[in-house]
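Beneath this line is the structure, given in structure tokens, with notes to follow.
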Amino acid sequence: MHNDIEEPEVPPNLSRSDRERLAVLLGSILLIALCSITYELIIGTLSSYLLGNSVYQFSIIIGLYMSAMGVGSFLSRYVTKNLLEAFFWVEIGVGILGGLSATALFGLFVFSPYFQWFIWLWTFAIGVLVGLEIPLLTRYVRRYAALRHALANVLSWDYIGALAGSLAFPLVLLPQLGLLNTAAAVGVINLAVAGLGIWFFRDEITGKTRLMGAFFIALTGLIGILLTSTTFESFLDRRMFADTVIHKEVTKYQNLTITAWNNDLRLYINNNIQFSSADEYRYHEALVLPAMAAKPDAKRVAILGGGDGLVVRQLQAFPEVEEIVMVDLDPRMTELASEHAALKRVNNFAMEDPRLRVVHDDAMAWLQATPERFDVIIIDLPDPNNESLAKLYSVEFYRLIRNHLAEDGVAVTQSTSAYYSVRAFWSINRSIEMAFCEDRCEELNLLPYHVWVPSFGDWGFNLVSKTPLEPETWVFGDHAKFMTRENFQTALYFPPDLARQDVKPNRLIEPVLMDYYMRDWRRFHP
């Protein structure tokens, strides 16, 4: 029978100097943990912004980062002397790689077709260095405390720092600084840990001259990024967007960019085009006019999304509509539509329509909470390229739509490209069918259709009602530039290469849509 052996207690009577050194080291652990989690969040956010599919991107980034930390921890066994000096070299390396991460990876996205590989390699490199930090510090802290105390101190401060970083990134750093400056600022924190430590432990370090030289060179580089980030972003924008960027901001929910060239104004959300003023009338007429023709006596209209005001502009042609409710998650989007001069010209000052009531909320949450019913519901949301958006194309979401329609009401949704993402288009159609008919609709109350929008390509829509639809009787009026009864009849035809696919409906418990969407688009944009 083995007896538990208690390890030696804390070395007796730590001096004041030793206690100060221990405090400096524990404070360093808090800061490096804050930096570590922030780099992970920066790279995950950046890859989600640029490539979409946030669950996939964050899963890969987190997995790579954690496994790389394991590699770093394993490699720490080969550091057998000068633990503090090795730690400070690691900190300088983390500060350089982490501080440059957003700037370098944005540049690689613009200039290299191998961006995804670079993200993985950069993540792994930072992770290896971060994995070296805690083992090196823990071994050094043991001179001031027994192993159980050393581990307890190191890990507790490490976890506290991780919490601080995970809160600071979404609440403070990203909204206030943006990705480029956040990465550089956090890199400066890593370097500050190294610089303070080199000075505080200067008597124990033999290579402090080389360390301080590397520290100042790295610090100068990161400060340079902070001072020139606006210029660098403008340079990248010129390479990423064909037209002049006249407005760009990162909101709490998304990245908004407005470009202009001659009379063509374009809005991008997370670098995906939302409209071109040269041809957006084709998209918005196709979205709005068939629904209004199907329900010509509509009094109450709900718009889910559409924060740019262009759907409201289409409804200006229908004075019989008494109330318009717009539900858009991002207040900054609707504020831009109300305040930005160029956007106001394109939407014809639609946000000033006295019939309009704007609600800032998640569309699904709002539908779950509101008792209101509508004659027409127009769904103008971005494509389902992340989980938050994909749920708004689910069977469960469309059941909420059905429940909030008047008995003879009509709903219509943009349904991504019927050509570039044909399986996603028909999955949306199948989801609506399941929501409104439980299985297959026997009567003609679900109409898939598609139109050509030059800046988008072949774009798809789905229009549904609780009652049979008779499009051959619809009157579109003479105010349309594109959508007529004849054009709509043509839009209902799908050639063999766009024919109905054997796909699953998109459900919250089985979210297949985003996978269809990403795989379909990857065929044309690998």
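Numerical summary
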item	result
Förster radius 56 Å - calculated FRET efficiency between residue 478 and residue 116 (Cβ-Cβ, nearest 0.05)	0.65
Segment residue 370-residue 71, length gained on full extension (0.36 nm per residue, minus Cα span)	102.5 nm
Whether region 321-390 is rounded, prolate or oblate, judged on the alpha carbon gyration tensor where a/c under 1.5 counts as rounded	oblate
Kyte-Doolittle mean at least -0.5 and Cα axial length at least 24 Å: DSSP H helices in the chain	16-51, 54-75, 83-111, 115-141, 147-168, 174-200, 208-240
Residue 243 versus residue 335: modelled label distance in nm, points set 7 Å from Cα along the beta carbon direction	2.4
Contour minus Cα-Cα distance for residue 155 and residue 260 (0.36 nm per residue)	32.6 nm
Spin-label model distance (nm) - residue 80 vs residue 437, 7 Å beyond Cα toward Cβ	7.6
Cα gyration tensor shape of region 224-315, rounded if a/c is under 1.5, else prolate or oblate by comparing a/b with b/c	prolate
Taking 359, 311 and counting other C-beta atoms within 10 Å, the order from fewest to most	359, 311
Under 29 Å from residue 295, Cα to Cα: lysines that are on another chain or at least 8 residues apart	344, 391, 466, 481
Ranked 300, 313, criterion: other C-beta atoms within 10 Å, fewest first	300, 313
Simple spin-label estimate for residue 485 and residue 199 in nanometres, 7 Å along Cα-Cβ	8.2
Neighbour-count order for 515, 497, 328, fewest beta carbons within 10 angstrom listed first	497, 515, 328
Cα lying deepest toward the dipole's positive end in the chain, options 474, 421, 321, charges on Cβ	421
Whole-Å distance, taken between Cα centres, linking region 228-288 and region 361-439	26
Percentage of interatomic Cα-Cα distances in the chain larger than 43 Å	32
Equivalent ellipsoid semi-axes - Cα gyration tensor, region 277-522, angstrom	25, 20, 19
Sparse-neighbour loop sites [chymotrypsin sites (Phe, Trp or Tyr not before Pro); region 83-186; at most 16 other C-beta within 10 Å; DSSP]	114
Relative contact order of the chain, pairs being alpha-carbon contacts under 8 Å that are 6 or more residues apart, as %	12
Contour minus Cα-Cα distance for residue 142 and residue 525 (0.36 nm per residue)	132.5 nm
Expected 222 nm ellipticity per residue - DSSP helices of 4 or more, -39500 (n - 2.57), all of the chain, to 500	-18000 deg cm²/dmol
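Laboratory data are not the source of any read-out in this text; all were calculated from the coordinates shown. All values derive from a computational prediction rather than experimental measurement. Every residue, glycine among them, receives a Cβ derived from its backbone with ideal geometry; neighbour counts consider all protein chains shown.
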